[in-house]
Amino acid sequence: MFTKEDLEKFSTHLFWDTNIDAVLRLCDPLPFLVQRVLEYGHIADWFCLKELIGLKKMAEVAVKIKNLDYKSARLVSVVSGESIEKFQCYITRQSTQNFWNS
């Protein structure tokens, strides 16, 4: 799906703990890349990902990521028009007991 040239368009800090070749060897690198761009990427990374896979596909992948940052999920929800209740991270967050007021 992705080539090395595609991944080299993104900011280098997105791959701080791995190299691009390892990402390409994943069975499905899309969830990894979407999560990294949403949580740690610059606006240029957002536009690059949007150009590569489209907003609809980005939202489809983000909905399935259980440990996606809540703020990132809200952003995708607002931009794509997808309901926040469909996001796995939202569902997981609702079932986690909060012991302190935060």
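No lab work stands behind these numbers, since they all come straight from the coordinates. Worth saying up front: this structure is predicted, and the values here are computed from it rather than measured. Positions of Cβ are generated from backbone atoms using ideal geometry, with glycine treated the same way; all protein chains shown enter the neighbour counts.
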Ascending count of other beta-carbon atoms within 10 Å, so fewest first, for Phe2, Phe47, Phe15, Phe87: Phe47, Phe2, Phe15, Phe87
So, with points 7 Å from each Cα along the Cβ direction, the Phe47-Ser11 label distance in nm works out to 1.4
Please arrange Cys89, Cys48, Cys27 by counting, for each residue, the other beta carbons lying within 10 Å of its beta carbon, fewest first. Cys27, Cys48, Cys89
Assign unit charges at the C-beta atoms only (+1 for Lys and Arg, -1 for Asp and Glu), then state the dipole size of the chain relative to its Cα centre in Debye, rounded to the nearest 20. 320
Go through the chain and name the GluC sites (Glu not before Pro) that are in a DSSP coil and have 14 or fewer other Cβ atoms within 10 Å of their Cβ. Glu8
Arrange Tyr90, Tyr40 by Cβ neighbour counts within 10 Å, fewest through most, would you? Tyr40, Tyr90
Under 26 Å between alpha carbons, and skipping anything fewer than 8 positions from Lys71 in its own chain: which lysines qualify? Lys9, Lys50, Lys56, Lys57, Lys86
